[in-house]
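Structure, as structure tokens:
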């Protein structure tokens with residue numbers, strides 16, 4: 001009788017630990033963590049001087065492709081350009097790449113400290129440099145949120 005009770009308690013404890021572990025895992029995935037990287041030491045003035053293209057644009061969608069250059073992973077976004085302040089552009093839709101990404105395995109974000117990823121249907125000013133045929137926003141200061149009026 002004592003062995004059955006001890007076995008019952010052991011199985012109950014194992015079940016409780018398993019359910020707790022599953023709950024923690026689900027909670028952790030639903031609340032992604034962010035890993036912050038040290039941003040490049042560059043001023044806004046330098047970013048403006050180095051920019052090949054300065055645009056105001058609305059984010060249409062986040063694309064699934066990513067780009068990795070010099071150890072930095074960029075997320076692709078399809079944008080609709082509403083204003084070109086510097087440089088020239090013949091089309092109104094453009095794919096840009098913003099430094100930072102969400103890890104598909106863990107669900108966690110990797111961003112520069114003080115940075116964020118752009119949100120769909122929001123408007124931003126981007127200071128973009130062209131590298132290997134891709135327009136990159138490669139610093140926290142290379143993207144400014146434009147509040148809707």
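The values are calculated or read from the model by the stated rules, or taken from the named source; none is laboratory data. Note that the structure is predicted; figures quoted are calculated from it, not measured. Cβ sites come from the backbone with ideal geometry, for glycine too, and all protein chains shown count toward neighbours.
Descriptive notes on the structure:
- Condition met for residue 47 (at pLDDT 85 or above and within 27 Å of residue 120 (Cβ to Cβ)): yes
- Residue among 129, 95 that alone is surrounded by fewer than 19 Cβ atoms within 10 Å (Cβ to Cβ) and closer than 19 Å to residue 47 by Cα: 129
- Total residues in segment 1-44, condition surrounded by 10 or more Cβ atoms within 10 Å (Cβ to Cβ), modelled with pLDDT under 85, closer than 30 Å to residue 138 by Cβ and out of contact with any strand residue (DSSP E or B) (no Cβ under 8 Å at 6 or more places or on another chain): 2
- Selection of segment 79-119 for residues being in a loop (DSSP other than H, G, I, E, B) and under 18 Å from residue 135 (Cβ atoms) yields 87, 88, 89, 90, 91, 92, 100, 115, 117, 118.
- The combined condition, being under 30 Å from residue 24 (Cβ atoms), loosely packed, with under 14 Cβ neighbours inside 10 Å and either more than 18 Å from the chain's Cα centre (by Cα) or touching a residue at least 60 places away in the same chain (Cβ under 8 Å) (or both), is fulfilled by residue 107.
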